[in-house]
Structures are given as structure tokens and as C-alpha cells.
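Presented below is the structure to which this report refers.
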Amino acid sequence: MSGHKCSYPWDLQDRYPQDKSVVNKMQQKYWETKQAFIKATGKKEDEHVVASDADLDAKLELFHSIQRTCLDLSKAIVLYQKRICFLSQEENELGKFLRSQGFQDKTRAGKMMQATGKALCFSSQQRLALRNPLCRFHQEVETFRHRAISDTWLTVNRMEQCRTEYRGALLWMKDVSQELDPDLYKQMEKFRKVYTEN
């Protein structure tokens with residue numbers, strides 16, 4: 001990942017000088033670390049920078065929502081499969097019990113128990129037939145989770161790294177710009193004019 005080149009509008013190659021001297025590298029790492037620290041501690045960031053990323057943050061929130069929903073859906077499908085199997089097994093056992101009791105009872109109640117038992121056994125078989133489509137659906141959800149969401153997650157992590165670098169560069173530029181004093185520049189110009197006239 002260290003060899004990854006940011007390809008976002010805020011590509012840092014234009015932000016830092018191209019000669020990667022030790023001082024420049026230290027400055028860059030300092031501001032990147034400071035930005036990562038601000039993010040990790042939840043300190044308030046520059047409102048204009050945060051506002052400029054509002055659209056991206058909304059899309060990231062949507063992505064995280066899809067990620068959570070897919071995981072919840074996968075867990076729900078697994079739980080539903082277990083419950084269907086358990087219910088089908090219990091229903092089948094009850095059906096067999098009613099049928100065996102119905103064979104022993106020669107009254108009208110015995111015939112009703114046989115019919116009910118047969119219906120319960122049939123119902124349990126129909127319930128088990130749901131398992132194949134559920135397994136297929138679960139497999140598709142898992143494939144989506146492991147391919148699409150994992151790939152997107154890697155891209156999001158790279159983007160977050162670039163955004164941290166970008167915001168670090170903005171912090172550095174803000175710090176440098178605060179050190180610039182326009183009045184000092186005017187005084188220097190006056191001094192130059194006086195010096196050149198003499």
C-alpha cells in the first residue's frame with residue numbers, strides 16, 4: 001500500500017515540493033499525523049474543509065449502511081434457515097406421531113389424526129423446500145459482501161488515507177499562511193525602495 005499513488009483531485013504531488021528532502025518529508029509526516037490525530041480524537045476540524053467533504057461523507061455513510069445491512073441480512077438468512085429446519089423437523093415428528101396414533105385408533109378421531117399427521121408431514125417437506133432458494137440467496141449475499149463490499153472497502157481506505165494526507169497538507173498551508181504577515185511585506189518593499197534610492 002505504501003507504493004499507492006493517490007489519484008484524487010487532491011493529489012498531493014502538487015502540494016509538497018518535488019525534492020523530497022528529509023525536512024520536507026518530516027513536515028509532511030508531521031501534518032499528516034496531526035490530521036490523523038485530530039480525526040482519531042474527534043477534535044473539531046476546519047468547518048470549510050468538513051463542508052467541502054459533506055457529499056463524500058454522505059456517500060460514505062450510505063456505503064457503511066449497505067455494509068451493515070448486508071451483514072445483518074446474512075445473519076438473518078442463516079438464522080431463518082436454522083429455524084426452518086428446526087420447525088420442519090418438529091412438524092414432521094408431530095405428523096409421524098399423529099399418523100401412528102391414528103392407525104391405532106379405529107374411531108373417527110383416528111382418521112382425523114391420520115389426515116392431520118399426513119398434512120403436517122407434507123407441510124414439513126414443503127417448508128424444507130424453502131431451504132434451497134434460501135441457500136442460493138445467502139450465497140449471493142455473501143458473494144456481494146466478499147467481492148463488491150470488500151473491494152469498495154479497500155478503495156475507501158485508500159481514499160481516507162489520501163484525504164488524511166490532503167487535510168494534513170491543508171493544515172500545513174494554513175499554518176504557513178498564518179505566519180505570512182502582509183504588513184511585513186509592505187515594510188520590506190518600503191525598505192527596498194529606500195535602499196535602492198540611496
Hey, Phe37 hits all of (1) under 30 Å from Leu171 (Cβ atoms); (2) more than 31 Å from the chain's Cα centre (by Cα) but one; which does it fall short on?
(2)
Could you check Ala169 against (1) at pLDDT 90 or above; (2) closer than 30 Å to Gln28 by Cβ; (3) not charged (D, E, K, R) and say which number it fails?
(1)
In this structure, is Ser124 at pLDDT 85 or above, of a type outside the set (D, E, K, R), closer than 30 Å to Gln35 by Cβ and open to solvent by less than 80 Å² (accessible area, probe 1.4 Å)?
no
Matching residues in the stretch 99-114 - criterion: being outside any helix (DSSP H, G or I) and not β-branched (Val, Ile, Thr)
Asp105, Lys106
Any chance you could count how many residues in the stretch 95-132 are more than 47 Å from the chain's Cα centre (by Cα) and among the small types (Gly, Ala, Ser)?
6
Kindly indicate whether any position in the stretch 107-119 is open to solvent by 70 Å² or more (accessible area, probe 1.4 Å) and touching a residue at least 24 places away in the same chain (Cβ under 8 Å).
no
Picking from Ile66, Ile77, which residue would you name as being more than 19 Å from Arg127 (Cα to Cα) and in contact (Cβ under 8 Å) with a residue 12 or more places away in the chain?
Ile66
Of the residues in the stretch 139-171 that are open to solvent by less than 40 Å² (accessible area, probe 1.4 Å) and not aliphatic (A, V, I, L, M), the one that is nearest to Lys39 (Cα to Cα) is Thr164
Filtering the stretch 125-163 for residues that are touching a residue at least 12 places away in the same chain (Cβ under 8 Å) and among the acidic types (Asp, Glu) leaves a count of 1
Filtering the stretch 46-100 for residues that are of a type in the set (S, T, N, Q) and surrounded by 15 or more Cβ atoms within 10 Å (Cβ to Cβ) leaves a count of 5
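The values are calculated or read from the model by the stated rules, or taken from the named source; none is laboratory data. Keep in mind that this is a model prediction, so the values were computed, not measured. Every residue, glycine among them, receives a Cβ derived from its backbone with ideal geometry; neighbour counts consider all protein chains shown. Accessible surface is based on the protein model in full, side chains and every heavy atom, while ligands, DNA and RNA are left aside. Shrake-Rupley method; radii C 1.70, N 1.55, O 1.52, S 1.80 Å.
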